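As structure tokens, the structure follows; a few thoughts come after it.
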Amino acid sequence: GASTITQQVVKNIIVGNARSLKRKVSEALTSILIEHNLTKDQILEIYLNEIYLGAKSYGVLAAAQTYFNKTLDELTIEECAYLAALPKAPSSYDPIRHKTKALDRRNWVILRMFEDGHISRQEQLAANGKDLISVNKTEDNPYDYFSEQVRRDLLDQFGEQGVYGEGLSVHTTQDPELQALTENVLHDGLLRLDRKRGYRGPITHLELK
């Protein structure tokens, strides 16, 4: 029943997560084969590029862009630590809904970075003192119907496993500023139309005999 990072890579990319003895045997044998042909660093790199990290992000690059609007080489120590905290339970460490819990977990990762010799004591203290500021505002998106239509189109084209299990990166035509402008113009136009031709109740009442 154990699940190493290598087994996670095999399950996510190759054999799937069906509950069967055949799948577990295939997972174990493939894991052995991979560990004989790849280094631990290479396996970890594959894992970090595939794992789900919350906010519809798969892989550390997508997560860096989603949470901080940065590339990996632009991340600070505390931002790297936050991403490293996410694999355990992404939804439990949401930077908006569970900020205090996320900060505690992030600071624990920073402590481990110091204890393992990856950063200095001064860097640890400085990173610990930084606030957790994320640019991810997906929950406040007022035009989520657009995203929902994109999701439906993707499901039709790639299927549920392709959309939710393959870590797709999707770029759309949506521009929030233009969308807001369009919404306002439409709203004002409908109000003007309603004032001119809108229903204001019956002109009169007729009694049928």
Among the residues of region 29-39, which ones are under 29 Å from the mean Cα position of the chain (by Cα) and closer than 13 Å to GLN8 by Cα?
-> THR30, SER31, ILE34, GLU35
Looking across region 147-176 at residues that are among the acidic types (Asp, Glu) and exposed (fewer than 10 other Cβ atoms within 10 Å of the Cβ), the single one that is farthest from the chain's Cα centre (by Cα) is ASP156
Of the conditions (1) at pLDDT below 85; (2) open to solvent by 70 Å² or more (accessible area, probe 1.4 Å); (3) not charged (D, E, K, R), GLN179 clears all except one; give me its number.
-> (2)
Which residues, counting only those in region 34-60, are among the hydrophobic types (A, V, I, L, M, F, W, C), over 21 Å from TRP108 (Cα atoms) and surrounded by fewer than 16 Cβ atoms within 10 Å (Cβ to Cβ)?
-> LEU38
Please enumerate the residues belonging to region 61-83 that are over 10 Å from the mean Cα position of the chain (by Cα), of a type outside the set (D, E, K, R), open to solvent by 60 Å² or more (accessible area, probe 1.4 Å) and within 20 Å of LYS130 (Cβ to Cβ).
-> ASN69, LEU72
Would you mind telling me which numbered condition in (1) closer than 15 Å to SER57 by Cβ; (2) at pLDDT below 85; (3) open to solvent by less than 50 Å² (accessible area, probe 1.4 Å) THR138 fails?
-> (3)
Among the residues of region 14-37, which ones are in contact (Cβ under 8 Å) with a residue 24 or more places away in the chain and either within 13 Å of SER3 (Cα to Cα) or of a type in the set (D, E, K, R) (or both)?
-> SER31, GLU35
Residue pairs meeting the criteria (Cβ under 9 Å; at least 6 apart or on separate chains; first acidic (Asp, Glu), in region 76-94; second modelled with pLDDT under 90) | ASP94/GLY54; ASP94/ALA55; ASP94/SER134; ASP94/ASN136; ASP94/GLU139
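The values are calculated or read from the model by the stated rules, or taken from the named source; none is laboratory data. Being a predicted model, the structure only gives us computed values, none of them experimental. Positions of Cβ are generated from backbone atoms using ideal geometry, with glycine treated the same way; all protein chains shown enter the neighbour counts. Heads up: the accessible areas ignore ligands, DNA and RNA and are worked out on the full protein's heavy atoms, side chains in. Shrake-Rupley method; radii C 1.70, N 1.55, O 1.52, S 1.80 Å.
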